[in-house]
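Every number in this text was worked out from the coordinates using simple rules, so none of it is lab data. Worth saying up front: this structure is predicted, and the values here are computed from it rather than measured. Here the Cβ positions follow ideal geometry from the backbone for every residue, glycine too, while neighbour counts run over all protein chains shown.
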Amino acid sequence: VTTEPALTTEQRVTLVELVDRVLDKGVVISGDVTLAVADVDLVYLGLRAVLASVASAERAGLTAPSPPPEA
Amino acid sequence: MADAPRASSSRPEHAYYVYGVVPAGRGPAAPEGASGVDPCFPPRILEHGGIGAVVSEVSLDEFGEDALHDNVTRLPWLEAKVRAHEAVLELLLPDGVVPMRFSTIYRSEEHVTDMLERERGVLLRALEHVRGKREWGVRGVSSADALAASVEESDEQVQALRAEVERERAGRAYLARKRLEQRIREESDRIAAACARESHEVLRAAAVEARTNALPPEDAGEQRVFLNGVYLVRESDEAAFREVLAGLSSRYGALGISFELTGPWPAYNFVGGDDA
């Protein structure tokens, strides 16, 4: 058992962290219903850029902007 | 374009969404508490050849090829499904789950067991690799202002340039200020890079496996992520891992550097095999 680290914050799961994993990592096995890898990559990269700027805004104490326009 | 997820009015058809795999032997029931990517169908375990696929049925109206193609471009839809995917896997963390990438979908149960048969070697190796371990994420974040302040305090060249800025008149002072700003930026980057290297090394030493992922796109924010590390840690070593992190936090705190820990996660970053 460790004492609670004073400067380490265990953040709630942010969408950025989640998207980085669920869309970009994990075992890749082709299924019957295929979402082309290129499609996923495009969605992922676009999403990541949007989410990263939201996250840094939140980190700076600003409120999150309204949802991004649809791709 | 439509606001609602795309759906067709034809007869509903189902497919099987695979979240990941666990070792066989826990029975067909998945733990309760997560509703699955299609809330109409609870997740369950489909066992074959020593491996259990974590599956739930999904409507092809939502997860068929065309519908899926459209739906993934809608952030609210994607967020809900990505969170559901993770929620199901998190409940299976104690079993040693191997996560699959989003949207691994089969037309029938038979096709799922065919896949388990075909990929048996890869999946068994992955299950063995993650057994008794969990993934943790560490982000190193620096505050540009705090880092600059500590550079001002410790760097002689910066202090000399600061004196020059105050001593000189307009034109020269302007040039000196430019050099001062550049020096502060370079020193800040150097410190952050050194901190990233050192932090990753000591965290790696407390982990079974470690990787660094791409940093978020640069923006003009005051806070910058300089380390985006992921670590596969034995459960028995988690306390030690946290202590290492606490040590880094107290060591670098005065420089305006902090660390954000996330987890435990299913081992998404340590089962891919592609560029791992």
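Summary table
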{"quantity": "10 Å Cβ neighbours from other chains, averaged over peptide B:116-129", "calculated": "1"}
{"quantity": "For chain B, calculated [θ]222 nm from helices alone, where every DSSP H run of n ≥ 4 adds -39500 (n - 2.57)", "calculated": "-14500 deg cm²/dmol"}
{"quantity": "Listed residues B:100, B:18, B:50: farthest to the positive end of the dipole of the stretch B:5-124 (Cβ charges)", "calculated": "B:100"}
{"quantity": "Derived scalar couplings ³J(HN,Hα) [the stretch B:142-153; Karplus, 6.51 cos²θ - 1.76 cosθ + 1.60; whole Hz; x for Gly, Pro]", "calculated": "10, 9, 4, 5, 5, 5, 4, 4, 6, 5, 4, 6"}
{"quantity": "Peptide B:185-192 - average C-beta neighbours from other chains (10 Å radius)", "calculated": "0"}
{"quantity": "Full-stretch length increase - residue B:109, residue B:214 - with 0.36 nm per residue and alpha-carbon distance subtracted", "calculated": "34.1 nm"}
{"quantity": "Signed unit charges on C-beta, dipole axis of chain B, positive-most listed residue B:191, B:203, B:30", "calculated": "B:191"}
{"quantity": "P(r) tail fraction, the stretch B:153-202 - alpha-carbon pairs more than 17 Å apart, %", "calculated": "44"}
{"quantity": "Order of B:199, B:250 - criterion: other Cβ atoms within 10 Å of each residue's Cβ, fewest first", "calculated": "B:250, B:199"}
{"quantity": "Whether the stretch B:185-276 is rounded, prolate or oblate, judged on the alpha carbon gyration tensor where a/c under 1.5 counts as rounded", "calculated": "oblate"}
{"quantity": "Cα-based shape type of the stretch B:10-83, given that a ≥ b ≥ c are square roots of the gyration tensor eigenvalues and the cut on a/c is 1.5", "calculated": "prolate"}
{"quantity": "Size of electric dipole in chain B: Cβ of Lys, Arg +1 and of Asp, Glu -1, about Cα centre, debye, nearest 20", "calculated": "680"}
{"quantity": "Rg [Å, one decimal], Dmax [Å, integer] - the stretch B:91-215, C-alpha atoms", "calculated": "25.8, 81"}
{"quantity": "Cβ-based exposure ranking for B:104, B:113, B:212, in which fewest neighbours within 10 Å come first", "calculated": "B:212, B:113, B:104"}
{"quantity": "Average other protein chain Cβ within 10 Å of Cβ, residues B:238-251", "calculated": "3"}
{"quantity": "Prolate/oblate/rounded call for the stretch B:67-129, Cα gyration tensor, a/c under 1.5 rounded", "calculated": "oblate"}
{"quantity": "Chain B: radius of gyration and largest Cα-Cα distance (Dmax), Å", "calculated": "24.9, 81"}
{"quantity": "Inter-probe distance in nm under a simple model that places probes 7 Å from Cα toward Cβ, at residue A:41 and residue B:197", "calculated": "3.1"}
{"quantity": "For the stretch B:223-242 versus the stretch B:74-98, the gap between their alpha-carbon centres in whole angstrom", "calculated": "21"}
